[in-house]
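Since the structure comes first, as structure tokens, the remarks are kept for the end.
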Amino acid sequence: MRIIYFHQHFSTPKGATGIRSYEMARSLISHGHHVIMVCGSYGGGATGLSIPFTAGQRRGNVDGIDVIEFDLTYANSDGFIRRTLIFIKFAIFGIRLTITERYDILFATTTPLTAGIPGIFARWLRMKPFVFEVRDLWPELPKAMGVIKNPILLYATSCLEWLCYHSAHRLIGLSPGIVEGVVSRGIAPERILEVSNGCDLEIFSNKVKPWRPDGISEEDLLAVFAGTHGVANGLDALLDVALDLKLRGQKKIKLLLIGQGKIKPMLLERVKREELSNVLLLDPVEKEQLASLLAASDIGIQVLANIPAFYYGTSPNKFFDYIAAGLPVINNYPGWLSELVKENNCGLIVPPDDPKAFADALEWAVNNKSCLQQMGLRSRTLAETQFDRVKLADRWVGWVTGLRAGV
């Protein structure tokens, strides 16, 4: 069957962002389906298309996926108004496709929430099956973060959230908290399936050639954060840790922050101002380069701002990359990922907003590298047994295509 798949921030492995949609689309194709991927131009992504835009879009086949890319450039560093306008334009352009394209099922994934708007039109205008995937709870998360404060805007996004959920025939949530959040909006539990982010075990294998950036020796403990440098990530807390380590005279621990985002310039300025020589910030790299970098690292850093809505309501790509690479994880907030780390003894848990405890944990790690390596082996086992992307994708495909079959 033909599935039209809306993901505004779609990327192939050649990009420096999550590739869940790429892998899910490839899985659909392997099961005999045709996929039309609809996306925009994302700063950290790579759609695989290079031909010029014509009338605001370009189209081509990428690894078997029929990709339609709108000429809408988006970056995490964009201001709120620009991002909102890009989201709305993507939804409007998407509505046009729902009317003109031939398809059997429409699938849409957040973020942004507006990605669900074409699905609403497909459901009620063309009576097409609609499956909606929820990666973040809106407007709960932006409200908790203080990103959206206007009560009218919060009400509008809440109404859109309700309409997306209730228009969808089936839904997918990426974490336990997301599933619970969707159910709390009046959705029957049997209409939503939890399929978390997964681990790309083939990419993060022992076949890669490890590398470390200049200035980081083999003797250093290399702790890596690989993800968006945004407000939600709470990366200032890592610089607090670096400052604490500097004041202790600890020179064997290096913090590497790799990625892009709105607060990266502020982080760079602070590193320079406080002379934090134990911190290095790099631009994003494509997935295979990241796999090589993680292969040479000692521990993966999973941090978020201390906001309770994050505890069970997120499913960060970076966590699954860490465990796929066989890295132990240091996590600084409670929730389902923290519980996974603790249950599987595959990392270190530190309390939120406590740079001293975080620094203590890293000092323990630098003095107990053999224990750290054992934790890393357990991380890889967790990745293989519970989060193999191939197995999760098969489950995801069955849920999405089963709708058409009447399952």
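The values are calculated or read from the model by the stated rules, or taken from the named source; none is laboratory data. What you see is a predicted model, and the numbers here were worked out from it, not measured in a lab. Don't worry about glycine lacking a Cβ; one is built from the backbone with ideal geometry, like all the others, and counts go over all protein chains shown.
Quick check, is ILE86 surrounded by 15 or more Cβ atoms within 10 Å (Cβ to Cβ) and closer than 26 Å to ALA393 by Cα?
Values: surrounded by 15 or more Cβ atoms within 10 Å (Cβ to Cβ): yes; closer than 26 Å to ALA393 by Cα: no.
So ILE86 fails the test.
Scan the stretch 40-70 for residues that are within 19 Å of GLY259 (Cβ to Cβ) and in a strand (DSSP E or B) and report the count.
2
Just the residues that are modelled with pLDDT of 85 or more and either in a strand (DSSP E or B) or under 26 Å from TYR312 (Cβ atoms) (or both), please, taken from the stretch 126-140.
If the condition is that a residue be modelled with pLDDT of 85 or more and either in a strand (DSSP E or B) or under 26 Å from TYR312 (Cβ atoms) (or both), then PHE130, VAL131, PHE132, GLU133, VAL134, ARG135, ASP136, LEU137 are the ones that fit.
Show me the helices (runs of 4 or more DSSP H) entirely contained within the stretch 355-407 in which 3 or more residues are within 30 Å of ARG2 (Cβ to Cβ). Talk me through it step by step, then tell me what you get.
Working: elements: 355-367, 369-386, 389-405.
The helices (runs of 4 or more DSSP H) meeting that bar are 389-405.
Identify, by number, the condition in (1) of a type outside the set (Val, Ile, Thr); (2) under 16 Å from the mean Cα position of the chain (by Cα); (3) not assigned by TED's automatic domain parsing to the domain that holds LEU245 that GLY313 doesn't meet.
(3)
Could you tell me which of the residues LEU163, LEU106 is more than 19 Å from SER315 (Cα to Cα) and surrounded by 23 or more Cβ atoms within 10 Å (Cβ to Cβ)?
Details: LEU163 fails: surrounded by 23 or more Cβ atoms within 10 Å (Cβ to Cβ).
Selected residue: LEU106, the only one of LEU163, LEU106 that is more than 19 Å from SER315 (Cα to Cα) and surrounded by 23 or more Cβ atoms within 10 Å (Cβ to Cβ).
Looking at PRO334, PRO352 in this structure, which one is part of a loop (DSSP other than H, G, I, E, B) and surrounded by fewer than 17 Cβ atoms within 10 Å (Cβ to Cβ)?
Values: PRO352 fails: surrounded by fewer than 17 Cβ atoms within 10 Å (Cβ to Cβ).
Criteria check complete, one pass: PRO334.
Residues SER217, SER205, SER184: which one is more than 23 Å from the chain's Cα centre (by Cα), among the small types (Gly, Ala, Ser) and either closer than 30 Å to ASN367 by Cβ or crowded, with 19+ Cβ neighbours inside 10 Å (or both)?
Values: SER205 fails: more than 23 Å from the chain's Cα centre (by Cα); SER184 fails: either closer than 30 Å to ASN367 by Cβ or crowded, with 19+ Cβ neighbours inside 10 Å (or both).
Exactly one of SER217, SER205, SER184 is more than 23 Å from the chain's Cα centre (by Cα), among the small types (Gly, Ala, Ser) and either closer than 30 Å to ASN367 by Cβ or crowded, with 19+ Cβ neighbours inside 10 Å (or both), namely SER217.
If PHE358 meets every condition in (1) loosely packed, with under 15 Cβ neighbours inside 10 Å; (2) in contact (Cβ under 8 Å) with a residue 60 or more places away in the chain apart from one, which number is that one?
Only one criterion in (1) loosely packed, with under 15 Cβ neighbours inside 10 Å; (2) in contact (Cβ under 8 Å) with a residue 60 or more places away in the chain is unmet by PHE358, namely (1).
For the structure I just gave you, tell me whether GLY261 is in the same structural domain as PRO308 (by TED's automatic domain parsing), of a type in the set (Gly, Ala, Ser) and either in contact with a His (Cβ under 8 Å, 6 or more places away or on another chain) or closer than 17 Å to ALA365 by Cβ (or both). So that I can check it myself, show each step before the final result.
Details: in the same structural domain as PRO308 (by TED's automatic domain parsing): yes; of a type in the set (Gly, Ala, Ser): yes; either in contact with a His (Cβ under 8 Å, 6 or more places away or on another chain) or closer than 17 Å to ALA365 by Cβ (or both): yes.
Answer is yes for this residue.
List pairs: first in the stretch 241-253 and more than 17 Å from ILE216 (Cβ to Cβ) and in contact (Cβ under 8 Å) with a residue 24 or more places away in the chain, second part of a helix (DSSP H, G or I) and among the aliphatic types (A, V, I, L, M), Cβ under 6 Å, 6+ apart or cross-chain?
Correct list of pairs: ASP244/ALA359.
Select, from ARG96, ARG102, ARG123, the only residue that is in contact (Cβ under 8 Å) with a residue 12 or more places away in the chain, within 28 Å of TRP396 (Cβ to Cβ) and not in a loop (DSSP other than H, G, I, E, B).
Values: ARG96 fails: in contact (Cβ under 8 Å) with a residue 12 or more places away in the chain; ARG102 fails: not in a loop (DSSP other than H, G, I, E, B).
ARG123 is the lone residue from the list that is in contact (Cβ under 8 Å) with a residue 12 or more places away in the chain, within 28 Å of TRP396 (Cβ to Cβ) and not in a loop (DSSP other than H, G, I, E, B).
Restricting attention to the stretch 305-326, which residues are more than 17 Å from ASN197 (Cα to Cα), touching a helix residue (DSSP H, G or I) at 6+ places or on another chain (Cβ under 6 Å) and in a loop (DSSP other than H, G, I, E, B)? Reasoning before the result, please.
Just the residues of the stretch 305-326 that are more than 17 Å from ASN197 (Cα to Cα), to begin with: 305-309.
In the following step, the residues that additionally are touching a helix residue (DSSP H, G or I) at 6+ places or on another chain (Cβ under 6 Å) were identified as 305, 307, 309.
Residues satisfying the conditions are ALA305, ILE307.
Give just the number: which of (1) in contact with a strand residue (DSSP E or B) (Cβ under 6 Å, 6 or more places away or on another chain); (2) outside any helix (DSSP H, G or I) does VAL271 not satisfy?
(2)
Across the stretch 137-184, what is the total count of residues that are farther than 20 Å from ILE307 by Cβ and not small (Gly, Ala, Ser)? Spell out the reasoning first.
Restricting attention to the stretch 137-184, the residues satisfying the condition of being farther than 20 Å from ILE307 by Cβ are 152, 155-156, 159-160, 162-172, 183.
From the residues that got through so far, the ones that are not small (Gly, Ala, Ser) too are 152, 155, 159-160, 162-166, 169-172, 183.
Within the stretch 137-184, residues that are farther than 20 Å from ILE307 by Cβ and not small (Gly, Ala, Ser) number 14.
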